[in-house]
Amino acid sequence: MTDPERHTLIEDAQGIVYGATMAAFGIVILTHLGLVTGQTAGLAVLISYATGWSFGPVFFVINLPFYLLGALRMGWQFTAKTFTAVGLLSGLSLWLPSQVSFATLNPIVGVVLFGFLSGSALLALFRHGASLGGIGIVALMLQDRLGWRAGWVQLGFDAILFTLAFAVIEARLVLISFLGALVVNLVIAINHRRDRYVAT
Amino acid sequence: MTDPNRHSPLEDVQGIAFGVTMAAFGMHLLTHMGFVTGQTTGLAVLLAHMTGLPFPAVYFAVTLPFLGLGWRRMGARFALKTLATTAALSLLVMVLPRWAELGRIEPLFAAPLIGLLFGIAALAAIRHGGSFGGLSVLWIELQDRTGFPAGHAQLLSDVLIFAAAALILPFDTLVYSFLGAAVFALFLAINHRRDRYVAV
């Protein structure tokens with residue numbers, strides 16, 4: 001068995017593939033229902049709804065400025081892994097709609113599924129030294145440097161995003177979206193524990 | 001923050017609820033695609049196929065006889081927890097098609113997705129002391145009584161399930177099923193590490 005304290009390259013690769021795949025599947029569900037979410041992905045979804053551009057390319061471009069911050073504060077390895085995860089997610093989100101479709105999907109059930117899928121995706125990415133870029137890098141940096149819980153920082157950013165969402169989608173859909181963002185942030189706030197998952 | 005080495009009851013509940021939801025969605029996909037898989041779920045798929053009875057009912061019925069065995073080996077607490085988990089899982093698989101009706105799904109995408117969903121579900125359940133019940137407790141009992149290794153018994157039973165499936169399923173369905181089962185097994189083999197996830 002490999003070193004308990006350090007992931008091998010293959011272990012990190014499978015963790016990042018898991019995270020990007022589950023996050024992309026979550027985005028397919030979210031956009032199928034016309035809902036929004038928080039973080040950088042939420043910003044990209046909102047811009048995608050407002051302009052009609054696809055989520056994938058918008059998400060990829062929004063993340064570009066954050067790599068500099070990532071490289072400066074979190075190191076090149078974290079930045080390279082994050083770039084890979086963001087690239088994979090962007091590509092998969094363009095490809096997935098041709099692979100999977102729903103005949104009907106209850107919005108409440110769909111948004112909880114989205115919350116579990118993206119929550120566990122982010123958890124896997126964090127544990128394998130990556131993220132989905134953007135505000136995630138800022139939140140993770142604050143948790144590691146100042147001890148602020150990443151979950152709470154992300155909730156603050158989400159509050160601003162959701163206020164803007166009222167201008168783009170129906171109020172009913174914003175409220176359903178709120179449930180999804182709550183699930184994502186709860187999954188991370190409860191389970192992202194470096195004292196429990198000790199490998200890096 | 002809670003004790004790093006022990007999960008609180010609430011933490012276990014959210015972990016097992018996550019596992020049940022992901023497993024239910026995986027089973028919903030599996031039966032929608034007409035795939036089989038290994039162990040208890042695979043046995044239930046075959047029995048449902050042969051008898052024409054609904055899969056969730058068959059799955060729940062198959063897990064019942066092993067509850068008594070679990071009670072004797074692991075105690076009442078474990079058996080009741082397992083009963084609650086399998087009951088919730090069966091119910092969710094039963095109602096999920098009403099809320100999330102799947103459309104066209106490419107089998108080459110569905111197979112690894114099912115593997116990832118089953119993998120993360122099992123990982124979460126194991127880390128939070130949960131169990132989906134069924135055959136595995138029988139293999140542990142067998143090992144204790146006869147010395148026959150539980151891992152070998154598990155592999156052998158999967159070979160038998162896939163051999164039986166080969167008699168009733170088309171060849172391509174069998175190959176996709178095998179791909180899903182391989183992703184599931186590989187995901188667990190890489191990520192189930194008590195030396196990395198230290199809390200119980």
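Brief remarks on what is shown
- This model, with +1 at the C-beta of Lys and Arg and -1 at the C-beta of Asp and Glu, gives the protein assembly as shown a dipole about its Cα centre of some 600 debye.
- Net charge over other residues, Cβ less than 15 angstrom from the Cβ of B:Ala166 (K, R count +1; D, E count -1): -2
- Ordering B:Thr85, B:Leu113, B:Ala166 by Cα displacement along the dipole of the stretch B:44-171 toward the positive end leaves B:Thr85 in first place; charges were set at the Cβ atoms of Lys, Arg (+1) and Asp, Glu (-1).
- Net charge contributed by nearby residues that have their C-beta within less than 9 Å of A:Thr2 (K/R +1, D/E -1): 0
- Computed across chain A, the Kirkwood radius stands at 16.8 Å (inverse of mean 1/r, all Cα pairs).
- Counted charge near A:Asn185, where neighbours are those whose Cβ lies closer than 13 Å (Asp, Glu -1; Lys, Arg +1): 0
- Residues in the stretch A:111-131 reached by a label modelled at A:Ala80 [backbone nitrogen below 20 Å; 7 Å Cα→Cβ]: A:125-131
- For the protein assembly as shown, fraction of C-alpha pairs farther apart than 40 Å, in %: 15
- Degrees between helix A:107-127 axis and first principal axis of chain A (Cα, 0 to 90, nearest 10): 20
- Rounded tilt (10° steps) of A:9-32 against the dominant C-alpha axis of chain A: 10
- Normalised by 2.2 N^0.38 Å, with N the number of residues, the alpha-carbon radius of gyration of chain B equals 1.01.
- Folded to 0 to 90 degrees: helix B:55-74 orientation relative to chain B principal axis, Cα: 30
- For chain A, the residue among A:Leu72, A:Ile108, A:Phe166 whose Cα projects farthest onto the positive side of the dipole built from Cβ charges is A:Leu72.
- Using a Gaussian network model of chain A in which every pair of alpha carbons under 10 angstrom is joined by a spring, one finds that among A:Gln77, A:Gln154, A:Gln99 the greatest mean-square fluctuation is at A:Gln99.
Every number here is computed from the coordinates shown, using simple stated rules; none is lab data. In this text, all values refer to a predicted model and were calculated from it rather than measured experimentally. Here Cβ is always computed from backbone atoms with ideal geometry, including for glycine, and neighbour counts include all displayed protein chains.
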